[in-house]
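Before any comments, here is the structure.
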Amino acid sequence: MSKHFTYEKIKTAIFENAETASKKVAKEIATFINEKAAENKHCVLGLATGSTPKTVYSELVRLHKEEGLSFKHVITFNLDEYYPIHPNAVQSYFRFMNEQLFDHIDILPENCNIPNGHVEIENIAAHCKAYENKIDAYGGIDLQILGIGSNGHIGFNEPGSLMNSSTRLMMLDHSTRVGAISDFSGNLSYVPKKAITLGVSKILEAKRIILLAWGEIKADIVADAVEGIVTEEIPASYLQTHANTVFVLDEAAAKKLTRIKTPWLLDTIIWDEQTTKKAVTHLAITLNKPILQLTNKDYNDNGMSDLLAQSGQAYDINIRIFSHLQHTITGWPGGKPNADDHNRPERALPQKKRVIIFSPHPDDDIISMGGTFQRLVDQGHDVHIAYQTSGNIAVADDEAFRFIEFVSDLNDKFDFDKTGSSNLYNKAKEFLEHKKTGEIDIPEVRFVKGLIRKGEAKATGRFVGVPPQNMHFLNLPFYETGMVEKNPIGENDVNIIGALIEQIKPHQVFAAGDLADPHGTHKVCLDGIFAAFKKLHNETFIKDCWLWLYSGAWAEWDIHQIEMAVPMSPDQILKKRFGIFKHQSQKDGVVFQGNDSREFWQRAEDRNKQTADIYNQLGLAQYAAMEAFVRWKG
């Protein structure tokens, strides 16, 4: 085994992105199905649900439709199902599997097995036993697909599950329920508290196991499962005991593995400037020492002796990396006029730049780069804001009805034409009173929800000082499904983005660079911007346009990645907070809160303070907060 893998107790395969990885897994499944068919044998697949395997399933559908892959000899057993839940419920895994896979291939319906979330409570034990017996009758699972929860669960085997646990009804961990909230109208009370899950022992009996994990949010738990001890607190760690398991990861999910995070600890590496910066900053943070106080001994004791051999004394390396970090700090994100910009993140000229800030949702601009946003305006640049989506699904039903009721009451008071508002009021009231969990809003309600968010964005723009004509609401079509699940980015979306860029001809573009998010709106919006830049690459203005990426409200760029850090004073922090407060529909119980219970302004402030603290810890000036950016160079 290569030295690179000595920390890893489970085989891992790392791919550039989730799509490439998913196609590779689908190809392995297809090959296995065909091999079994050639032997005239059944192929028994264990299947998972959730967003992680969706691209695998879509590729299997493509292989069936375009390359003749047949599923007539395939038997499937799903890992789990919510309880209680009707099979036809929008959130049921029975419906998920039909919509994502079974309805589009030639598998026999009787060969599709999913735990019954509608069985009577007194019959669950017998149902679970019969489910396991049926698997055994087919000779066990040949190939099991798994995802991994942020708490380390596999299936719904939550932390505390024993290795010998059987198929059973499981009480869901709070973090698991919070993670599923987007499928249940953003309301935790709608998320089932229990689920039927295939037991750990039955999963470990599978002849081959492939665990999929995408995105930075899974990085910590993947590292714990692969490199940590086997423990019931991380059920995925039980896979270390399985002889034929592989974790298939994208780069973001793999980033905390030792061979990715600190490869110099394992083997000889090429010490380019970026790797040197990563290693030196990591060393300083680990030892809690400023960069300029690191010694030759520190380097030698922490696997970096070959860097000394290549680059000289620690003193010289320290100064070089310290200077590099120092040059990322600027209070002039649009460039400083009449200044030497040789070592600055941005160009001094032109002094007044045309700037587009792309905001995937109507609040990402102020949450993620509110201080920089304000500086650009205050420093006289021509700042435009492009809100890419309406954000309408993130508005609570009662908030929408409150606005509809307001319009109706306003019309009554001032004797405006009441017909339209009365009709809207009655239609919305009727719909919302009978709305089922997960049901798509009617167009009128979606429009009102979008209007609420548009109004909040306008209020923020006024607060910062952006004129109304510089606020652009793109309402990209891919988003307007009314569901959490969005359409892929399309040509129409790219054309809308490209038309705005061509109209403004910006010198600077800022965009949400959440590259670690394989399924979220931020990544789709960024893909649209990249595609628009590609279409416009021959335009003279685009060659002089710099694209800066900001991160989202939950994470920040690693210190070695940051190319521009914009400091903020305590007063600027407060002003950013007040700008975020303009988005009232996203405060106090926001629909899609995620695993983080803090409000967005709290997340942003904590993240910005943490970035400033790291710079200070490394020996640079102490600021109250910092916003960080990475430049995309195509």
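Put +1 on the Cβ of each Lys and Arg and -1 on the Cβ of each Asp and Glu in the range 226-382; which of Gln313, Leu349, Asn302 then has its Cα farthest toward the positive end of the dipole?
Result: Leu349.
Would you grab the residues whose amide H sits under 5 Å from the one on Phe510? Only those 5+ places off in sequence or on another chain, please, with H modelled 1.01 Å from N.
Close amide H contacts, sequence-distant or interchain: Ile356, Ile357, Phe358, Trp548.
Pick the calculated log10 I(q)/I(0) by the Debye sum over Cα atoms at q = 0.07, 0.09, 0.10, 0.12 Å⁻¹ for this structure from [x] -0.52, -0.85, -1.04, -1.36; [y] -0.44, -0.76, -0.95, -1.42; [z] -0.68, -0.95, -1.09, -1.37?
Read-out taken from this structure: [x].
In the range 103-172, which GluC sites (Glu not before Pro) fall in coil by DSSP and have 11 or fewer other Cβ atoms within 10 Å?
Glu120
In terms of modelled amide H atoms, which long-range or inter-chain residues lie less than 5 Å from the amide H of Met564?
When sequence neighbours closer than 5 places are left aside, the close amide H contacts are Phe629.
For Cα pairs less than 8 Å apart in space and 6+ apart in sequence, what is the mean separation divided by the residue count of the chain, i.e. the relative contact order in percent?
So the answer I get is 13 percent.
Counting each DSSP H run of 4 or more residues in the chain as -39500 (n - 2.57), what helix-only mean residue ellipticity at 222 nm follows after dividing by all residues, to the nearest 500 deg cm²/dmol?
Value at 222 nm, helices only, nearest 500: -12500 deg cm²/dmol.
Only the coordinates and a few stated rules stand behind these numbers; no lab work does. Quantities reported herein were computed from a predicted structural model and do not represent experimental measurements. Every residue, glycine as well, gets a Cβ built from its backbone with ideal geometry; the counts of neighbours run over all protein chains shown.
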